[in-house]
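Data first, discussion second: the structure below is written as structure tokens.
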Amino acid sequence: MILSDLSILEEIKDGTIVIEPFDRKYLGSNSYDVHLGKHLAVYDAPVLDAKVHNTISHFDIPEEGYVLQPGILYLGVTEEYTETHKHVPFLEGKSSTGRLGIDIHATAGKGDVGFCNTWTLEISCVHPVRIYAGMPIGQLIYFPVEGQVENLYNKKENAKYTERTIRPVESMMWKNKF
């Protein structure tokens, strides 16, 4: 089951869903549109290693936009800061974004109950495309959770993405033991 627009509004009123900034015009029948923040990043190394900390370089999208190139993984960020205390949030691309050949997440579309942050986007494209800060980039949908949650994401000792940020965050896979 997915929350409807009225259910999302009720959860916002109750404080179990937080979206900042929130604008009612971006609320769809069962989703909320999120927008591309002005910060992007790319990895510094040409070969990434899952066991080491791969560094990134940040840059801002200029007012005239930025042309994404195929074959490069860009890390972006949503303008919106969100909190989800009772539901599982899913971030999906908008159909208009997909029709431009832009993917906004490689694998990480699902958040956890207790996720409180902006969303780092794993952006790729199939052909060059100009993007702009503030453009609609995706939509959040919310699923209710059956039963009590013992391990809220923002309370887990091993949670890797809890520091509040307005910039994209690189992979923290290297913090896992394997």
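Values quoted throughout were computed directly from the atomic coordinates according to the rules given, and no laboratory measurement underlies them. Keep in mind it's a predicted model, so treat the numbers as computed, not measured. Here Cβ is always computed from backbone atoms with ideal geometry, including for glycine, and neighbour counts include all displayed protein chains.
When we measure straight from the Cα of residue 156, which aspartates and glutamates land under 14 angstrom away, once same-chain ones fewer than 8 places off are left out?
112
Under 30 Å Cα-Cα from residue 25, which lysines qualify once same-chain neighbours fewer than 8 residues away are excluded?
Cα-Cα hits under 30 Å: 13, 38, 86, 94, 110.
Using label points projected 7 Å from each Cα along Cα→Cβ, tell me how many nm separate residue 67 and residue 29, to one decimal.
3.9
Determine, at each q value in 0.27, 0.30, 0.33 (inverse angstroms), the log₁₀ of I(q)/I(0) that the Debye formula gives when each Cα of the range 60-105 is one equal point scatterer.
Ignoring solvent entirely, the Cα scatterers give -1.27, -1.33, -1.34.
Determine the shape class of the chain: with a ≥ b ≥ c the square roots of the Cα gyration tensor eigenvalues, call it rounded for a/c under 1.5, and otherwise prolate if a/b is greater than b/c, oblate otherwise.
In terms of gyration-tensor shape, oblate.
Please state the charge dipole magnitude for the chain, taken about the Cα centre, from unit charges on C-beta atoms (+1 on K and R, -1 on D and E), reported in debye and rounded to the nearest 20.
Computed about the Cα centre, the dipole is about 300 debye.
For the range 91-178, state which GluC sites (Glu not before Pro) are in a DSSP loop and have at most 11 other beta carbons lying within 10 Å of their beta carbon.
146, 150, 157, 163
In which sequence would 74, 32 go, from the one with the fewest C-beta neighbours within 10 Å to the one with the most?
74, 32
In the range 3-65, which GluC sites (Glu not before Pro) fall in coil by DSSP and have 12 or fewer other Cβ atoms within 10 Å?
Answer by residue number: 63, 64.
Give the residue list of trypsin sites (Lys or Arg not before Pro) in the range 95-162 that are DSSP loop and have at most 10 other beta-carbon atoms within 10 angstrom.
Hits after loop and neighbour filter: 99.
Taking only C-alpha pairs under 8 Å that are 6+ residues apart, what is the relative contact order of the range 66-178 in percent?
37
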